[in-house]
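Accompanying notes for the structure given below.
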Amino acid sequence: MSLASALATGDVAELPNRRQEDWRWTDLRGALRALPPASPAGEAAAIGSGPFDGLTSDQIVFLNGRAQSETVIAVAEAAARTAALRWVSQTSNTAHGGKVRIVVAAGARLVLLESYEGRGEAYVADAVLEFELGEGASVERVVLAEDAADAISVSTATVALAPHARFAQTVLTSGAKRQRLETQVSHPGGGGELRLDGGYLIGGARHADLTTVVAHQGLDGRTEQLTKGAVAGAARGVFQGRIVVAEGADHTDARMGHHALILSDRAEVDAKPELEIYADDVACAHGNTVGALDEDALFYIRSRGVPEHEARALLTQAFVGEVVDRIEHEGARDAARAWVASHLEALA
Amino acid sequence: MSMLSVNNLHVRVGEAEIIRGLSLAVPAGEVHAIMGPNGAGKSTLSYTLAGRGGYEVTGGSATLNGEDLLALEPNERAAKGLFLSFQYPLEIPGVPGLTFIRTALNAQRKARGEAEISAPEFLKLARAEAAKLKIDFDMLKRPLNVGFSGGEKKRMEIFQMAMLSPHFLILDETDSGLDIDALKIVAEGVNALRGPDRAMLVITHYQRLLDYIRPDMVHVLAGGRIVASGGPELALELEAEGYDRFVKAAA
Ligand SMILES: Nc1ncnc2c1ncn2[C@@H]1O[C@H](COP(=O)(O)OP(=O)(O)O)[C@@H](O)[C@H]1O
Ligand SMILES: [Mg+2]
C-alpha cells in the first residue's frame, strides 16, 4: 500500500492508514475520503522561481508530476554535477505523482537541490526518487519542502549506497495537511558514509512526518542522523527513525538524534527512534528529546531589550540552525538558513 | 528626583514572601551598594526590577526616572535603560555573542525610535570595548557563554553592558568567580560607565569589590528589607563584624 499505488489504481483502500504501524501517525486514508481527479498538465511558463535559483542553471522540473525533461538524473563516472530538482504542484483539488531515478556513477559527485513547491490548494502529490550510487560516489541532497497548508504530499526516496560512497541529506519542511518525507537507505558498509538530517518548522494545523529507515548490511558502515523540529499552533511533527544493523554488519557506527521544541500547548510531537542490532562490536546510539523553550534563556534575552516573539524566534532559529550548519554546500546552506528565517514568523 | 525609586516593595516567589517592605532610592550620578547574607533576597530584588516571570509583586512600587517599572515588559525596561548583570549568566547555544548583542542593541534602538546601528559601526564599537575588557574577539563569535568559565561569563556581562550603554545598572554579585586581575578589569569597565546621567546598584556579598567600585552609599539587605544604610565605611564594618547583628535586627 502506498499513495503511488492508490493513485495508479484509483483505489482509496490502497492508501496507507493508521492501522499500519509505520503509518499510525500519518493517516492518509483518514484524510482522503475519495481520490481527487488527475491533475492537469499545468503551465510550464508559469512555475515561477525556486528556492535554489541562482545556484545552478541545471534544473529538472516535475510539474504536476510530469517530467518536463529527463526522468533520469545521471552523473557519469568521475564527473560532477549540481542540479536543482523541482517538484511543482500548480493545481488545486487534483492528484498527481512523479518518479525520478538518480544514477551517480563510481567516483562521481552530485549536489541535488530539491524543492517541493506548492502553488495551489488541496492537491495530492506523490514523488518517488530512486538513488543509485556507484563505488566512491558522493551525493549531497538538500530538500526544502514548501507545500500548501491543505495539501497531502508524500515523497519516498530509496537510496542504494555503495562501498566508499557517501550520501548526505538534509530535509527541511514546513509540513502540509498530511506530509511524509521518507528516506530508505540500503547501506552496504564497506566504508560507506551516510548522513540523514532533517528539520521541521510547522505551525497552524500542519503535519510533517520525517521517516527514515537505514539497513546496515555489511562491515564498517557509518550513519549519522540529526533531526530537529519546532512545532507551534496545533501542528504535529512526526519523526520515525529506524536503523537496522544486520548480522555480520560488524563495526557499524550509527548515531541518531531527534530533538523537538514544542512551542504551544496544542502542538504535538510523536517520535520513534529505533535501533535494531544483530551484529557485534558496533557503536550505536540514539537520543531523543522533546521540550519547551528554556524560560530562563528567554528572560535573559528579553532582559537585554529583545521583545518576546523575537527572543523566541532567535532561540528557535538557533535550535534548528544546528541542522542547517551541517549542510556542506555553501549556497544551499545559505538558502536553507534563509528558508528557516522566513518560517519563524509562522511559529510566533 | 531619584533615578531608581523603590517604595515599600513586597515580592512573593511561589508561596514565600521574599521581599518584605523594601524601600530604596538611588539618585542619578550615584553608586549604591547592597550587601547582605546569602538568601537575603538580593537576587530576588534584581530579578523583580528586571521583570522576571514568577516574581509576583504583592505591594509597593518601583520607578525608573519616575516611570512605573513594574508595568513594563523586561525588554521595555531594557529599552528605558535598565541593565541587569546576572549573578548566573545564561548560556545561549547557537547564538554567537556578537549576533546576540547586535540583536539586543537594535531592538532597543527600535523601541526608542532610533535607527539601527550599521554593521561596520557595530564591529568597530565591539572591537574597542572587547579590547578594553581584554576579551579575545574570537570569543564573541562563539555561542554566547556556552562553555565559558564563570569569570568569562561575568566579563561578557560587562561587555554587553558597555555595548548597550544603559542608564541604570544592577550588578548582581559580578565579583563572584573573579580573580583579582579580572576583578580589576571588570571594575574599570564599570567605572568607565559612571557619569552624572547614570546610576548603579552594586550587589555584593563581599566588601572587596567596593575597594574598586567606590559606592556613595551602602545598604544592608536582610530578611527582605533594607535594615541599615550608611557611607562606604558601613561596608568595612560589615566585613569586620559580619551580618549577624543585621540578621537579628531583621528577624
Ligand atoms: N525561584 C525560587 N523559588 C523559591 N524560592 C526562591 C526562588 N528564588 C529564590 N528563592 C528563595 O528566596 C530567598 C532569597 O533568595 P535570593 O534572592 O537568591 O537571595 P540572595 O541573592 O540574597 O542570596 C531564598 O530563601 C531563596 O531560597
Ligand atoms: Mg543572589
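The values are calculated or read from the model by the stated rules, or taken from the named source; none is laboratory data. Keep in mind that this is a model prediction, so the values were computed, not measured. Please note: Cβ atoms are built from the backbone with ideal geometry, for glycine as well, and neighbour counts cover all protein chains shown.
Filtering region B:15-44 to residues that are under 17 Å from the mean Cα position of the chain (by Cα) and more than 7 Å from ligand 1 (Cβ to nearest atom) leaves B:L24, B:A25, B:V26, B:P27, B:A28, B:G29, B:E30, B:V31, B:H32, B:A33, B:I34, B:M35.
When region B:199-218 is examined, which residues are found to be in a strand (DSSP E or B) and within 16 Å of ligand 1 (Cβ to nearest atom)? Even if it seems obvious, please write down each step before you answer.
Pass one, region B:199-218, residues in a strand (DSSP E or B): B:199-204, B:217-218.
If the condition is that a residue be in a strand (DSSP E or B) and within 16 Å of ligand 1 (Cβ to nearest atom), then B:L201, B:V202, B:I203, B:T204, B:V218 are the ones that fit.
Taking region A:294-345 and the helices (runs of 4 or more DSSP H) fully enclosed by it, no element has 3 or more residues that are closer than 25 Å to A:F167 by Cβ, of a type in the set (D, E) and more than 10 Å from chain B (Cβ to nearest Cβ). Filtering region B:47-88 to residues that are within 16 Å of ligand 2 (Cβ to nearest atom), surrounded by 22 or more Cβ atoms within 10 Å (Cβ to Cβ) and outside any strand (DSSP E or B) leaves B:Y47, B:T48, B:L49, B:A50, B:F86.
Residue count for region B:100-111 under the criterion of being within 7 Å of chain A (Cβ to nearest Cβ) and either surrounded by 21 or more Cβ atoms within 10 Å (Cβ to Cβ) or within 16 Å of ligand 1 (Cβ to nearest atom) (or both): the result is 3.
The requirement of being within 17 Å of the chain's Cα centre (by Cα), within 16 Å of ligand 1 (Cβ to nearest atom) and among the small types (G, A, S) is fulfilled somewhere in region B:61-73, by at least one residue. For region A:200-226, the set of residues classified as in contact (Cβ under 8 Å) with a residue 40 or more places away in the chain, assigned to a loop (DSSP other than H, G, I, E, B) and of a type in the set (D, E, K, R) consists of A:R206 only.
The requirement of being away from every other protein chain (no Cβ under 13 Å), surrounded by 21 or more Cβ atoms within 10 Å (Cβ to Cβ) and away from ligand 2 (no atom under 16 Å from the Cβ) is satisfied by B:V31. Applying the condition of being within 15 Å of B:E30 (Cβ to Cβ) and assigned to a strand (DSSP E or B) to region B:219-236 and asking which residue is farthest from ligand 2 (Cβ to nearest atom) yields B:G230.
Just so you know, in region B:34-46 the residues that are among the hydrophobic types (A, V, I, L, M, F, W, C) and not in a helix (DSSP H, G or I) include one that is nearest to ligand 2 (Cβ to nearest atom), and it is B:A40. Remark: B:L49 falls outside the filter, which requires a residue to be under 29 Å from A:H309 (Cα atoms), of a type outside the set (K, R) and more than 16 Å from ligand 1 (Cβ to nearest atom). Across region A:170-204, the qualifying residues are those that are under 12 Å from the mean Cα position of the chain (by Cα) and more than 19 Å from A:W25 (Cβ to Cβ), and the one among them that is surrounded by the most Cβ atoms within 10 Å (Cβ to Cβ) is A:L172.
The test for being under 20 Å from B:G195 (Cβ atoms), at pLDDT 95 or above and within 16 Å of ligand 2 (Cβ to nearest atom) does not hold for B:A25.
Residues in region A:265-293 that are surrounded by fewer than 15 Cβ atoms within 10 Å (Cβ to Cβ) and either out of contact with any Leu (no Cβ under 9 Å at 6 or more places or on another chain) or among the hydroxyl-bearing types (S, T, Y) (or both): A:D265, A:R266, A:E274, A:E276, A:Y278, A:D280, A:D281, A:A283, A:G287, A:T289.
Residue check: A:D334 meets all listed conditions (1) loosely packed, with under 13 Cβ neighbours inside 10 Å; (2) free of Cβ contacts under 8 Å to residues at least 12 places away in the same chain but one, namely (1). Note on region A:238-282: residues that are polar (S, T, N, Q) and more than 17 Å from A:V185 (Cα to Cα) amount to 1. The residue list B:R127, B:R142 contains one member that is modelled with pLDDT of 95 or more and under 23 Å from B:D179 (Cβ atoms), which is B:R142. Within region B:183-193, can one find any residue that is touching a residue at least 60 places away in the same chain (Cβ under 8 Å) and either β-branched (V, I, T) or away from ligand 1 (no atom under 16 Å from the Cβ) (or both)? The answer is yes; a qualifying residue exists. A residue that is acidic (D, E) and farther than 14 Å from A:F52 by Cβ cannot be found anywhere in region A:107-116. In the set (1) surrounded by fewer than 21 Cβ atoms within 10 Å (Cβ to Cβ); (2) in contact (Cβ under 8 Å) with a residue 12 or more places away in the chain; (3) touching a Lys or Arg at 6+ places or on another chain (Cβ under 9 Å); (4) not β-branched (V, I, T), the condition left unmet by A:A341 is number (3). Among the residues of region B:213-251, none is identified as in contact with a helix residue (DSSP H, G or I) (Cβ under 8 Å, 6 or more places away or on another chain) and among the polar types (S, T, N, Q).
Quick grid of which residues meet (1) surrounded by fewer than 17 Cβ atoms within 10 Å (Cβ to Cβ); (2) closer than 18 Å to B:A33 by Cβ; (3) more than 14 Å from every other protein chain (Cβ to nearest Cβ):
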{"position": "B:L133", "(1), (2), (3)": "no, no, yes"}
{"position": "B:P143", "(1), (2), (3)": "no, no, no"}
{"position": "B:D172", "(1), (2), (3)": "no, yes, no"}
{"position": "B:V190", "(1), (2), (3)": "no, yes, yes"}
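Going by the conditions given, is B:G97 under 21 Å from B:V186 (Cα atoms), more than 16 Å from ligand 1 (Cβ to nearest atom), touching a residue at least 40 places away in the same chain (Cβ under 8 Å) and touching a strand residue (DSSP E or B) at 6+ places or on another chain (Cβ under 6 Å)? Criteria not met by B:G97.
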